[in-house]
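J.: After the structure tokens below, expect a handful of questions from me.
Read the figures in this text as sums done on the coordinates, not as results from a lab. Because the structure is a prediction, the values reported are computed rather than measured. Every residue, glycine as well, gets a Cβ built from its backbone with ideal geometry; the counts of neighbours run over all protein chains shown.
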Amino acid sequence: MATTRAPYRYRHWRLRLNRAGFIAVNCLFVLSALVPFYWMLTTSVETTQELNAGATSIFPHRLTFQAYTQIFSEADFARPLLNSMIIALGTTALTLILATPASYALARLNIRGRPVILGFVLLAGFFPIIAMVGPLFLVYRRIALLNSYQGLIIAYLIYTLPLAIWLLTNYFGQIPKELDESALVDGASRLRALWRIIIPIAAPSIFTAGIISFILAWNDFTLALSFENQPGSYTAPLAIVNLGQSQYQVFYNQIDAAVVVVTLPVALIVLLAQRRIISGLTSGALK
């Protein structure tokens, strides 16, 4: 009896140790990701005098929201935030409008060269963005799209459209063809079948593509720096560069306060929609 219990106890403790090690490694990764954000948060609630005196510590001695009020009252940070919100929402909407029918066509229609098209879409998603800045700048300057919402929204499709098409094409390919074929037999058009049948089923993946598109557009710095040179058209990441600086001093508490304000919407979206995001990324993985 004792000989049969010994291997069981050994396996039981080994499983517990493996689980404890797995949890410890995950906690280490989470802490390493949260420490920079926590440091920015503590810096943003400290006064300029404490920062100049080198009194920054893990736990602030006195909390103050002076930096947050200054970036909105003195630096007018609300304007870049509004610019980023309009551009990110516009990019997300346009991405979904273009990617949904394109992905449905690639998944359902017998298009010659479909693997080549998908390969080109994937390649476009990994192409260096900085290599596209020069030609786009020349085109935008000629057609007067610099310092405009439309220019950045169109440019951000370089980020968002390939990823959305690739994600939605894979998901649409897992939906049984009999669903929309039955609608076609009943007299519905392809677009009507897409709108009435496929889109409600594919809602998790469409939602995931929209969230990822919004985050990519919200966090962009390279294209905004290249196409926006007037303070009134700055996006939030671009405005942070010129925030909290004077001739003799850099106000790091104001810069970190702006970073926290920009990061919070993305963090809240990911936390509130994490189940839908995971569902959208994995729902088309298996038949």
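J.: Say the dipole of the chain comes from +1 at the beta carbon of Lys and Arg and -1 at that of Asp and Glu; which of ILE154, ALA257, ALA67 then lies farthest toward its positive end?
T.: The listed residue farthest towards the positive side: ILE154.
J.: Expressed in nm², what is the orientationally averaged projection area of the convex hull enclosing the Cα positions of segment 143-255? The partial results should precede the final answer.
T.: On the way: hull surface 41.5 nm².
Computed as one quarter of the Cα hull surface, the answer is 10.4 nm².
J.: Any idea what diffusion coefficient the chain gets from Stokes-Einstein, in µm²/s, Kirkwood Rh on alpha carbon pairs, 20 °C, 1.002 mPa s?
T.: 95
J.: Now, a different point. Beta carbons within 10 angstrom, averaged per residue: use that to sort the peptides 184-197, 159-172, highest first.
T.: 159-172, 184-197
J.: Which of VAL116, VAL262, VAL241 moves the most in a Gaussian network model of the chain with Cα springs under 10 Å?
T.: Comparing VAL116, VAL262, VAL241 in the GNM, the peak value goes to VAL116.
J.: Would you calculate a helix-derived [θ] at 222 nm for the chain, using -39,500 (n - 2.57) for each DSSP H run of n ≥ 4 and dividing by the full residue count, to the nearest 500?
T.: -24000 deg cm²/dmol
J.: What is the sum of charges around TYR156, taking Lys and Arg as +1, Asp and Glu as -1, for the other residues whose C-beta is under 15 Å from the C-beta of TYR156?
T.: -2
J.: GNM on the chain, C-alpha springs below 10 Å: top fluctuator among SER73, SER205, SER226?
T.: SER73
J.: While we're looking at this one, here's another question. If we sort 134-145, 208-219 on the protection proxy, mean other Cβ atoms within 10 Å, highest first, what's the order?
T.: Details: 134-145: 12.8, 208-219: 21.9.
Answer by packing, highest mean first, reads 208-219, 134-145.
J.: Please state the charge dipole magnitude for the chain, taken about the Cα centre, from unit charges on C-beta atoms (+1 on K and R, -1 on D and E), reported in debye and rounded to the nearest 20.
T.: 1500
J.: Quick check: residue separation of SER189 and ILE143 times 0.36 nm, minus the Cα distance between them. What number comes out in nm?
T.: Numbers: separation 46, 0.36 × 46 = 16.56 nm, distance 3.73 nm.
The span from SER189 to ILE143 would gain 12.8 nm if fully extended.
J.: In a shell of Cβ-Cβ distance under 12 Å around ASP186, excluding ASP186 itself, what net charge do Lys and Arg (+1) and Asp and Glu (-1) give? Intermediate values should be presented prior to the final figure.
T.: Details: positive: ARG192, ARG196; negative: ASP180, GLU181.
Around ASP186, the charge tally is 0.
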